[in-house]
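So the structure is just underneath, and the comments pick up after that.
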Amino acid sequence: MIKITLPDGTVKDFARGSTPMDVALSISEGLARNVISASFNGTTVETVTPLNENGKLTLYTWRDKEGKKAFWHSTSHVVAQALEEMFPGIKLTIGPAIDNGFYYDVDFGQHTVSEKDFPAIEKRALEIARGKHDYKMREVSKKDALAFYENQSNEYKIELIKNLEDGNITFCDHDTFTDLCRGGHIPNTGFIKAIKILNVAGAYWRGDENKPQLTRVYGISFPKQKELTEYLELIEEAKKRDHRKLGKELELFTFSQKVGQGLPLWLPKGAALRERLEQFLKKAQKKAGYEMVISPHIGQKELYVTSGHYAKYGEDSFQPIHTPKEDEEFLLKPMNCPHHCEIYNSKPFSYRELPKRYAEFGTVYRYEQSGELHGLTRVRGFTQDDAHIFCTPDQLDQEFKNVIDLSLYVLTSLSLNNFTAQVSVRDPENPEKYIGTVENWEKAEQAIINAAKEKGLDYVIEEGEAAFYGPKLDFMVKDALGRNWQLGTIQVDYTLPERFDLTYKGSDNEHHRPVMIHRAPFGSMERFVALLLEHTGGNFPLWLIPDQAIVLPVSEKHEKYAQKVLNSLENHEIRALLDNRNETVGKKIREAELNKIPYMLIVGDKEQEDGMVSVRRHGGQDHGSISIEAFKNLIEEEINSTLKPFETKV
């Protein structure tokens, strides 16, 4: 017999060789019908995998993230089989699950695949799925695995196998199809009821621009046709809200090939919006005891060697800048934290002067691959709302909770109320990915977990997602379309203070090492604006939107009064425009609606005579004819209802 521990702590005895499905059946037939995947002692297994030792078992259904991952990975096998049948001679490479669906990278050789092929691929894949073929894992020797793919002349799979150890190689079979695979499948293909091929794109083999370019086939699948229909409707709405489209329409930002890929140019309205976001956070930060600092856009290479960033991210950075001086090298700044360490190091500190909280809207640069660039969400130059807190170990708990308060204030002020906190810790299987002592890592991880518990956050723990120098708390925000965005982050770091030899004098008159907290509630200004655009559809909160109102004169004879109204609005610090074009009021209203302007102030004979404005809200709500003073009060009430002052214990 073996002892199986379930997620709720229940321990059950089972015969050696029992499967996750046997465990599910012992709980309920309803659960067994819905279980599609499982993990045992932290490793993904099939529902039919024999369990031969004591361990912890988690059962997954479609509702679970890991269940969806198994479902979509399984579908990638089915689609790959359909592609092989329809395009003879193609070479398959890898086909993982992703956040929404899956992809398969394929060398199509002489074939080409386009959108017109999608219906046929979907049809054949569904025919295969209806066969209810079991997914069967089997171990294969390295010799036999190589022979299998040498027979297919598939150099991609051969390269993968050569990097694997004999005894750790497995194939997955279903129907007539076989693929090199580590596992993680649903019981059989019959669970798959709906498949959609979404698009195709170019992708370099193993992400290397010097290697062959493949075709990446993206798809998604569902256990019900209804869920696919709902998903496709969501996709259409997402297209309307695409921040690249809205950013262009609302004249917020642009890109230029002459300036360079991934380097956004902020237009006047976008720059003003960014400035308001910065001022909003600066005001809260000042209350929370932060001091603003400024650091340069470059630093000597040695700075990032000391911090460890060069060893970890050197390949993703821009190449070093060589000066006329021999052996002198600079880097475009990939991170702000090393600069802030040197700011702290500029003078000695006593424990009485801590914590020190340095904040900066610092622009950093990373050389992202051109194929991975995407609007404002993946760029090569971006500005972080960065801050670093240097505190004593005794202050760490309260400081971390204070940062949580600030992060929550930012999210709730922008109606981003649907989020989960993710505690990102080390990958215990790959300690070489991290720097610092095990003792310090354990202290830092526990400090974050304690703070999340005390603040009552809905949090999950994710292994392997920590920064290389320390664990972190990330806010995973769900937008209006139900999509998750990783935004604000808080990190505890015992390592950089050691690397930069940071100290403070304690009450015992001895030198001690401070603890460092990294934090960025927005994450980056670029990504945050992209999220806001897509979350709001361009209908920003009134306090943030570039243009709060537009004055619409009915005819030319009302222009003088319209200008007077505009001047009055500006005197009340209301951001407004005047549309005095020779167009009908109806057309002006329609265009103001398209431009997401919250309030339209229509002025005609009656308004001019009474010294009033006729107010229409974006979306059609009519506020009637009111005075400028009443309109000012209306604006203030709306802003005050959404933008509360930051309350802090500092």
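Computed from the coordinates by the stated procedures, all read-outs in this text should not be read as laboratory data. In this text, all values refer to a predicted model and were calculated from it rather than measured experimentally. Because the Cβ atoms are built from the backbone with ideal geometry, glycine has one as well, and the counts that use them run over all protein chains shown.
Quick notes on this structure:
- With the gyration tensor restricted to C-alpha atoms of the stretch 508-650, the semi-axes of the equivalent ellipsoid amount to 42, 18, 12 Å, longest first.
- Rounded to the nearest 20, the Cβ-based charge dipole of the stretch 253-536 about its Cα centre (Lys and Arg +1, Asp and Glu -1) stands at 1180 debye.
- Whole-Å semi-axes of the ellipsoid equivalent to the stretch 66-239 (Cα gyration tensor, √5λ, descending): 26, 19, 15
- For the chain, taking a cut-off of 4.7 Å between Cβ atoms, the unpaired cysteines are Cys337, Cys341, Cys391.
- The alpha carbon centroids of the stretch 1-58 and the stretch 123-140 are separated by 23 Å.
- Mean silhouette area of the stretch 284-354, derived from the convex hull of its C-alpha atoms and averaged over all directions, reads 6.7 nm².
- Placing a label point 7 Å from the Cα of Lys347 along the Cα-to-Cβ direction, the residues of the stretch 255-299 whose backbone N falls under 18 Å of that point are 289-295.
- Look at Cys181, Cys341 and count the other Cβ atoms within 10 Å of each Cβ; fewest to most, that gives Cys181, Cys341.
- Sequence-separation-based contact order of the stretch 3-69, relative, with Cα cut under 8 Å and 6+ spacing, percent: 37
- Relative contact order of the stretch 146-242, pairs being alpha-carbon contacts under 8 Å that are 6 or more residues apart, as %: 18
- Taken over the Cα atoms of the stretch 253-536, the convex hull encloses 149 Å³ per residue.
- Once the Cα-Cα distance is subtracted from the 0.36 nm per residue extended length, the Gln300 to Asp501 segment shows a gain of 70.6 nm.
- Convex hull of Cα atoms in the chain, direction-averaged projection (nm²): 36.9
- Contact order relative to length of the chain, as percent, for alpha carbon pairs under 8 angstrom and 6 or more apart: 9
- Rounded to the nearest 500, the helix-only mean residue ellipticity at 222 nm of the chain stands at -10500 deg cm²/dmol, with each DSSP H run of n ≥ 4 adding -39,500 (n - 2.57).
- If you take the Cα centroid of the stretch 459-490 and the Cα centroid of the stretch 498-555, the two points sit 16 Å apart.
- Estimated dipole of the chain in Debye, rounded to 20 [Cβ of Lys and Arg +1, of Asp and Glu -1, Cα centre]: 940
- Low-density loop cleavage sites - GluC sites (Glu not before Pro) in the stretch 70-151, where at most 16 other Cβ are within 10 Å (DSSP): none
- Residue-by-residue Karplus 3J(HN,Hα) for the stretch 454-464, coefficients 6.51, -1.76, 1.60, Hz, glycine and proline x: 5, 7, x, 6, 7, 10, 10, 9, 10, 6, x
- Gain on full extension, evaluated as 0.36 nm per residue between Asn430 and Leu634 minus their Cα-Cα distance, stands at 67.7 nm.
- In whole angstrom, the stretch 1-140 maps to an equivalent ellipsoid with semi-axes of 35, 15, 13, each derived as √(5λ) from the alpha carbon gyration tensor and ordered largest first.
- Loop sites in the stretch 419-473: GluC sites (Glu not before Pro), DSSP, at most 15 other Cβ within 10 Å: Glu429
- Additional length obtainable on full extension of the chain from Lys453 to Asn168, 0.36 nm per residue less Cα span: 98.7 nm
- Sites matching trypsin sites (Lys or Arg not before Pro) across the stretch 11-74 that sit in DSSP coil, with at most 12 neighbouring C-beta atoms within 10 Å: Arg16, Arg63
- Average projection area in nm² (convex hull over Cα atoms of the stretch 2-61, one quarter of hull surface): 3.4
- Whole-angstrom gap from the stretch 226-263 to the stretch 346-379, using each part's C-alpha centre: 26
- Cα-projected label distance for Glu647 with Glu442, points at 7 Å along beta-carbon direction, nm: 3.9
- Sorting Glu155, Glu583, Glu326 from the fewest to the most surrounding beta carbons within 10 angstrom yields Glu326, Glu583, Glu155.
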